[in-house]
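What follows is a set of notes on a single structure, which appears directly below.
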Amino acid sequence: MVTEIELKYSLLETSNTARSTQIKTVISQLLTEHDLTFVHQEKSLSNCYFDTPDFTLRKNRIALRTRGTKKGAENEHFEQTIKTSGKVIAGLHQRPEYNVDINNAKPLLALFPATIWPNNTDINQLQQQVIELFATNFTRNTWLVTIPNIQGNTQDNAQIEVAFDCGDIVCSGYQYKEPIHEVELEVVSGPTDALFGLTKLLFSKLALRPGQLTKAARGYALYRQSIDTSNICLEKSLPINTPPELPLIKLTSNESLKTALMEGLSTSLTQLQLRVDEYVATCANEANTSVQNESDALTARQITALQKIQTLLILLRHGFWIFEAELTERDEFIRKELSYFIGKFSWLDKVLNDQLFSHFLSHSLEKTEIDVVVGMNEAEKSLLEFTLESIITIDDDNDPYPDSAHTLSLLHSERFNQLQLSLLMLLLKNEHNSSELQQSNMAIVDFSAAQLTSYRNAVNSELANLFAKDKPYLITENKSAQVLLNRALLTICWLGSVFTDSESDIIKTYIAPWLDIKESVNKLQCVVALESRLQVMDAKALLEKPVEIEHITAWLTSLHDKCIIDLDQAVVNSAGMEPYWPETYCK
């Protein structure tokens with residue numbers, strides 16, 4: 001048994017032969033330029049993955065495969081492998097692995113150590129039940145790289161294997177294939193630091209992104225797709241008029257502050273990388289359909305995926321703020337890099353505002369309680385919508401949003417990869433000092449309650465000040481109040497589960513008034529924006545529109561009043577929220 005320690009990365013490039021040859025050349029040249037000694041090999045691999053029809057092995061977190069390896073004119077060599085449950089942190093995979101030589105591609109389970117199977121497993125019965133689910137066929141190029149010891153002691157040199165895999169994942173009788181276009185770096189011998197140093201070199205030349213999903217995980221997904229063809233190309237429609245939900249980090253009340261921080265960073269980073277994979281898959285799917293237009297402009301589905309990425313970057317940065325005392329000055333660099341990439345996606349805020357704007361208008365015109373609209377006939381409503389469209393486009397700055405090629409390049413950039421690797425190294429550094437992590441200098445319960453109470457009081461105080469002036473609409477211009485509300489929600493995401501199960505409705509019920517405030521503010525901002533645009537609309541242009549302007553003015557006034565009432569009620573509900581954490585900390 002060995003423990004596999006490797007970093008997995010997916011390449012942005014498509015898996016065509018010419019591109020694969022170029023990547024091989026790039027890797028060899030890069031190693032040569034840095035005076036690194038290596039041995040290169042190329043071989044063809046055929047892997048068959050097995051399980052029972054009801055996924056007995058998968059349920060026990062066991063992956064079973066047989067591999068046929070062929071180098072040049074040599075006879076094919078067969079090996080069977082079992083990988084048991086391990087862990088994945090930001091693309092770093094650590095899993096126990098058992099390998100046994102066999103004569104062909106059919107597995108012989110009795111050859112594996114009996115200790116790896118769950119209790120009471122009938123090996124003979126399991127042998128009869130396993131079937132081939134899917135296969136991976138690819139060409140593997142490997143570079144066995146020697147990393148010199150910095151002190152010159154050759155006995156302490158590290159060896160890292162770099163592997164470039166290019167091929168497909170296939171299911172028998174199924175037309176769809178999953179492409180394999182990956183780079184893996186595995187520690188053969190020596191310290192893990194050597195792995196990270198070599199990885200940074202690859203970032204400088206290759207467009208990569210961390211791979212959370214193994215070939216086996218992707219193969220299982222393809223197999224499920226092959227036996228349930230009703231779901232092919234049918235994705236659930238995603239809401240594009242509301243911000244993505246913030247994920248809740250699962251913490252327990254017996255953790256130290258440092259372990260809580262590391263748990264939150266690990267969870268958020270994992271979700272970030274999965275969402276990047278989701279965005280890349282969306283780009284690939286829509287590039288193969290008529291959805292993607294000639295200009296390569298982003299589609300609504302792609303924008304939604306990018307908003308999830310932006311949200312997770314913000315959540316990660318917030319952890320660096322609230323746990324600032326647990327971090328070093330060196331870690332401050334990571335927070336700044338998170339801010340840099342949040343800024344790179346700031347244009348998404350305008351996209352979301354435009355989506356909310358359009359959604360709000362279409363729904364407002366349909367609401368029967370607005371007497372001004374109810375009194376109109378269909379022709380007048382059509383003219384109203386036409387004029388509103390003219391008003392909406394007045395302030396359009398025509399600044400183009402980044403296209404999919406630009407965003408893909410950003411998500412596979414050297415700097416973005418360096419950020420994620422820095423987060424991984426921070427997590428591993430603290431994992432190695434696990435004994436220190438358990439020595440909590442402050443209970444997570446005390447810390448969480450203090451943070452939650454502080455933000456609750458600050459939000460209520462800010463809102464009370466606005467309403468004391470009898471001008472609640474000023475919240476649309478008060479950026480500090482909106483930022484404070486967002487940070488309060490982010491703090492709930494980080495610390496809210498300390499006092500209750502993260503799956504319970506307690507947290508959702510608690511934050512509901514704050515979400516109502518955000519929704520009311522968004523609606524009010526839409527109305528205020530329309531009112532402002534109406535005032536600057538060219539008088540001559542208005543005369544050319546066959547609709548009376550008072551209809552729009554009256555309609556907007558009605559909407560404005562309703563938004564103020566909704567906002568007022570949301571603020572009252574917010575002030576009446578009862579904390580679900582111990583009252584001792586609510587002063």
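Filter the stretch 412-430 for residues that are open to solvent by 10 Å² or more (accessible area, probe 1.4 Å), under 17 Å from the mean Cα position of the chain (by Cα) and either among the acidic types (Asp, Glu) or farther than 12 Å from residue 334 by Cα (or both) and give the result. Of everything in the stretch 412-430, just one residue is open to solvent by 10 Å² or more (accessible area, probe 1.4 Å), under 17 Å from the mean Cα position of the chain (by Cα) and either among the acidic types (Asp, Glu) or farther than 12 Å from residue 334 by Cα (or both), namely 413.
Contact annotation: residue pairs with Cβ atoms under 8 Å, 6 or more positions apart or on different chains, pairing a residue in the stretch 22-43 that is within 28 Å of residue 77 (Cβ to Cβ) with a partner that is open to solvent by 90 Å² or more (accessible area, probe 1.4 Å) and not acidic (Asp, Glu), are 27/205. Here is a check on your reading of the model: is residue 133 hydrophobic (A, V, I, L, M, F, W, C) and assigned to a strand (DSSP E or B)? Spelling it out, residue 133 is indeed hydrophobic (A, V, I, L, M, F, W, C) and assigned to a strand (DSSP E or B). Within the stretch 111-125, residues that are on the phi > 0 side of the Ramachandran plot and among the β-branched types (Val, Ile, Thr) have Cβ atoms under 8 Å from residues that are part of a helix (DSSP H, G or I) and modelled with pLDDT under 95 in no pair, counting only partners at least 6 apart in sequence or on another chain. Can you find a residue that is over 21 Å from residue 312 (Cβ atoms), of a type in the set (Gly, Ala, Ser) and modelled with pLDDT of 85 or more anywhere in the stretch 271-285? Within the stretch 271-285 (the criterion being over 21 Å from residue 312 (Cβ atoms), of a type in the set (Gly, Ala, Ser) and modelled with pLDDT of 85 or more), the answer is no, since none of the residues qualifies.
Just one residue in the set 142, 146 is open to solvent by less than 20 Å² (accessible area, probe 1.4 Å) and assigned to a strand (DSSP E or B); that residue is 142.
In this structure, does residue 243 turn out to be at pLDDT below 90, touching a helix residue (DSSP H, G or I) at 6+ places or on another chain (Cβ under 7 Å) and part of a loop (DSSP other than H, G, I, E, B)? Taking the combined requirement at face value, the residue satisfies it. Of the residues screened, residue 263 is one that is assigned to a helix (DSSP H, G or I), closer than 17 Å to residue 427 by Cβ, acidic (Asp, Glu) and modelled with pLDDT of 90 or more.
Tallying residues that are part of a helix (DSSP H, G or I) and surrounded by 19 or more Cβ atoms within 10 Å (Cβ to Cβ) within the stretch 315-333 yields 8. Restricted to the stretch 134-184, and to residues there that are of a type in the set (Gly, Ala, Ser) and within 21 Å of residue 26 (Cβ to Cβ), the residue that is modelled with the lowest pLDDT is 167.
For the stretch 102-135, the tally of residues that are touching a helix residue (DSSP H, G or I) at 6+ places or on another chain (Cβ under 9 Å), open to solvent by 40 Å² or more (accessible area, probe 1.4 Å), within 23 Å of residue 69 (Cβ to Cβ) and not aliphatic (A, V, I, L, M) stands at 0. Annotation note: of 517, 492, the sole residue that is in a helix (DSSP H, G or I), open to solvent by less than 30 Å² (accessible area, probe 1.4 Å) and modelled with pLDDT under 90 is 517. Taken over the stretch 49-101, the criterion of being in contact (Cβ under 8 Å) with a residue 24 or more places away in the chain, assigned to a helix (DSSP H, G or I), open to solvent by 30 Å² or more (accessible area, probe 1.4 Å) and of a type outside the set (Val, Ile, Thr) is satisfied by 58 alone.
The values are calculated or read from the model by the stated rules, or taken from the named source; none is laboratory data. Because the structure is predicted, anything quoted here is derived from the model rather than measured. Cβ coordinates were reconstructed from backbone atoms using ideal geometry, including for glycine residues, and neighbour counts include every protein chain displayed. We work out accessible area using only protein heavy atoms, side chains counted, and drop any ligands, DNA or RNA first. Shrake-Rupley method; radii C 1.70, N 1.55, O 1.52, S 1.80 Å.
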